[in-house]
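Each remark here refers to the structure printed beneath this line.
The values are calculated or read from the model by the stated rules, or taken from the named source; none is laboratory data. All values reported here derive from a predicted model rather than from experimental measurement. Neighbour counts run over all protein chains shown; Cβ positions are idealised from the backbone, glycine included. Only protein heavy atoms, including side chains, enter the accessible area calculation; ligands, DNA and RNA are left aside. Shrake-Rupley method; radii C 1.70, N 1.55, O 1.52, S 1.80 Å.
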Amino acid sequence: MKKEERLVTQITPKSEDFSRWYVDVIRRAELADYAPMKGMMVIRPYGYAIWENIQQLLDRRIKASGHVNAYFPLFIPESFLKKEMEHLKGFAPEVAWVTHGGQEELEERLAVRPTSEAIIGAMYSKWIQSWRDLPILINQWANVVRWEKVTRPFLRTTEFLWQEGHTAHATEEEAREETLKILNLYREFIETELAIPVVVGKKTSREKFAGALETYSVEALMSDGRALQMGTSHHLGQHFSRVFNIRFEDSNQNLQYVWQTSWGVSTRLIGAIIMSHGDDSGLRLPPHIAPIQVIIVPISIGRWKETVLPVAVDLERRLMAAKIRVKLDSREEYTPGWKFAEYEMRGVPLRLEIGPKDINQQQVVLVRRDNGEKLTTSMDNLEGKITNLLEEIQKNMFNQALEFQRRNTHDVDNYEDFKKIIEDRRGFIRAWWCGQETCEESIKEETAATIRVIPLEKVKEGKGNCVYCGQLASEYVYFARAY
RNA sequence: CGGGGAGUGGCGCAGCCUGGUUAGCGCGCCUGCCUUGGGAGCAGGAGGUCGUCGGUUCAAAUCCGAUCUCCCCGACCA
């Protein structure tokens, strides 16, 4: 959209200042607001509705793959957290502690969970005795607290909402299979429902979760060229089962430690939706998760209340019956033009305009948020047409994002190009890496880019020279500056 | 946590350097009239202990100190 045509003027243009644009969108679209405590935000109804849709669509998948939901305590005794040292070290700097109960000082401090491996591990040791008790496939929807130094709405807040899955298995193979199964579930969910293309793969040991054997992640490229980790799936090995003593007797009467996994996605996904799809006019929401999929704006001219409004009400009823999330904005105090701009900013995928002219012709005007296309269509089988159109918008948004990701993924074979691209254009950079942490570290220091993933699906076969040290390398990996 | 910038009605800002009596402007909000196919117009009106705490002074939005919060750039994380 050209500058002079911009109707949404309360938002800083994306090209001018991405960070301000991001915060403007969040506040103007009323997704969230800053709370009076550092790093904390209130998720407002419109933003929470998006989260509820995300929850619903993901929860369905989690359950369909054999998991069940449960709820564990918010507090974790310090001694539990201390059992796995690597885990403790990873989280210690950002744990909030409860030291008093009312006036009385506690015997033992309680951590406000930064994640629940410890408390869940402690419970699993009580629940698991036999191979017949396995696998345990539990998920919980919860809030966690991490005292981060730098915060940003949805991307990194002191408290955030997420789901965390925690499973226990009899064998390592089974645990690894579960880890990858969830990784794929996340990929499919994010691409299908959030319309965000991702790359999936394994984290380097430097980037893996504190206490995990292996960490896998789902990464996406935001429209400013920086990468965002959208979800992680960890193969925990037996680290936690050994310290929490989670043992079972197998069918050969041998006592064994279980193999575990944990995995999660958070309200950060909302940040990813904003940054992947948003434009200068504000949000663009994929239809699958949009709280309002269709906004009906009656054109209020003359005796519109007697002529236009009843038809609009009827259309709303019809679309609702067809399970479309529709809203009719019949407020008199705002002009149609104002409403057009307002719902564009809020990212509503489809606008339905209906005025006196349309009623004479038995038609409506539909305007797509994804590409601005305006089409006139008859009212016959409008439910069916809109249902199809929403699906088309969903797919188109994914394709637009995929096209962006492709254009901003660069294969490089020398460090000079690497530095130049990271500096000028950002995006994903794919290059050979020798596997040494020193190269990874040096690249990070010199370019601020990190290895996002070692992709599961090989991009290139064979071997090449490490982009940093030049030694023979067998991993072709994704680099990017990340959030 | 280091470097830079900023907090003034709901939002965006001016005023501060060079203290001075009723703290302005645009948008928004309220009332009325009139309008309504891309954020209408006119008239009237409400709303601010100038982030917070302390200090200097006859006098502080303005000067000094502390503190909190936000934004940007760097080291850690969903």
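Points worth noting:
- In this structure, the residue pairs whose Cα-Cα separation is over 31 Å, taken from A:38/A:444; A:63/A:89; A:14/A:339, are A:63/A:89.
- Reach of residue A:203 by Cα under 16 Å, taken over aspartates and glutamates that are not fewer than 8 positions away in the same chain: A:214, A:219, A:437, A:440, A:441, A:457, A:475
- Rounded to the nearest 10 degrees, the angle from helix A:268-277 to the longest Cα principal axis of chain A is 50 degrees.
- Mean separation of Cα pairs under 8 Å and 6 or more residues apart, divided by the residue count, gives chain A a relative contact order of 14 percent.
- Taking a straight Cα-Cα cut-off under 18 Å and skipping sequence neighbours fewer than 8 places away in the same chain, the aspartates and glutamates within cross-link reach of residue A:385 are A:314, A:316, A:353, A:358, A:370, A:373.
- Candidate residues A:85, A:222: accessible-area rank, largest first, probe 1.4 Å: A:85, A:222
- Between A:427, A:402, A:386, the Cα set farthest toward the positive side of the dipole of the range A:353-450 (charges on each charged residue's Cβ, about the Cα centre) is that of A:386.
- Helix A:172-193 and the long axis of chain A differ in direction by around 10°, with both axes built from C-alpha atoms.
- Backbone phi angles across the range A:111-117, fed through the Karplus curve with coefficients 6.51, -1.76 and 1.60 (θ = phi - 60°), yield HN-Hα couplings of 7, 7, 3, x, 4, 10, 3 Hz in residue order; Gly and Pro are listed as x.
- Low-density loop cleavage sites - chymotrypsin sites (Phe, Trp or Tyr not before Pro) in the range A:59-149, where at most 11 other Cβ are within 10 Å (DSSP): A:71
- Distant-in-sequence amide H partners of residue A:106 (H built 1.01 Å from N, under 5 Å): A:100, A:101
- Cα long-axis angle, helix A:415-424 against chain A (0 to 90 degrees, to the nearest 10): 40 degrees
- Rounded to whole numbers, the Karplus 3J(HN,Hα) couplings from phi for the range A:56-73 are 4, 5, 7, 4, 4, 5, 4, 5, 4, 9, x, 9, 10, 8, 8, 9, 10, x Hz, using 6.51 cos²θ - 1.76 cosθ + 1.60 with θ = phi - 60°, and x at Gly and Pro.
- Selection of trypsin sites (Lys or Arg not before Pro), the range A:250-303, meeting DSSP coil and at most 13 other Cβ within 10 Å: A:303
- Between amide H atoms placed 1.01 Å from N, distances below 5 Å from residue A:213 occur with A:235, A:236, A:237, all of them 5 or more places distant or on a separate chain.
- Under 19 Å from residue A:463, Cα to Cα: lysines that are on another chain or at least 8 residues apart: A:202
- Sequence-ordered 3J(HN,Hα) estimates for the range A:258-264 from the Karplus curve with 6.51, -1.76 and 1.60 and θ = phi - 60° stand at 7, 9, 10, 9, 8, 7, x Hz, glycine and proline given as x.
- Summarising the amide proton neighbourhood of residue A:222: residues at separation of 5 or more, or on other chains, whose placed amide H is nearer than 5 Å comprise A:227, A:228.
- Among the protein heavy atoms, those of residue A:439 account for about 10 Å² of accessible surface (1.4 Å probe, every chain in place).
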